[in-house]
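The values are calculated or read from the model by the stated rules, or taken from the named source; none is laboratory data. Not measured: the values here are computed from a predicted model. Here Cβ is always computed from backbone atoms with ideal geometry, including for glycine, and neighbour counts include all displayed protein chains.
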Amino acid sequence: MTDDELQNCWPELGTVVKELRRVSRSDVADKLIEAFLAGSSSSEIVGGIGLILRDHRDLRPQLSDAAISAWDAVMDNVARILRESKFAQWLERLAGQADGR
């Protein structure tokens, strides 16, 4: 996947990836693309991306204002999707208990 293809799929993440390349951190940009491609579920994908951004949060201040906003938007999406995923799993377990499963 190219940076432009990622930009089309997830504009905020694409902005972060391009900006990381601009500040000579292609290694982190590549990890983000790998995490995007490697996951088999949305929670796996966003979980991997969230971990990478968290582990490299020291890079955030080096980015442009637009890329910092994009970083924050990605992290907001990560938190929301993971929250929803955990809630859905909890509901499924609860429904299984009610059905005697």
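At a glance:
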| quantity | calculated |
| --- | --- |
| Arg25 being over 11 Å from the mean Cα position of the chain (by Cα), modelled with pLDDT of 95 or more, among the charged types (D, E, K, R) and on the phi < 0 side of the Ramachandran plot | yes |
| Single residue of Glu19, Glu5, Glu44 found to be part of a helix (DSSP H, G or I), closer than 15 Å to Ala67 by Cα and of a type outside the set (A, V, I, L, M) | Glu19 |
| Conditions (1) surrounded by fewer than 20 Cβ atoms within 10 Å (Cβ to Cβ); (2) polar (S, T, N, Q); (3) at negative phi; number of the one not met by Thr15 | (1) |
| Per-region count, region 47-78, residues outside any helix (DSSP H, G or I) and loosely packed, with under 12 Cβ neighbours inside 10 Å | 0 |
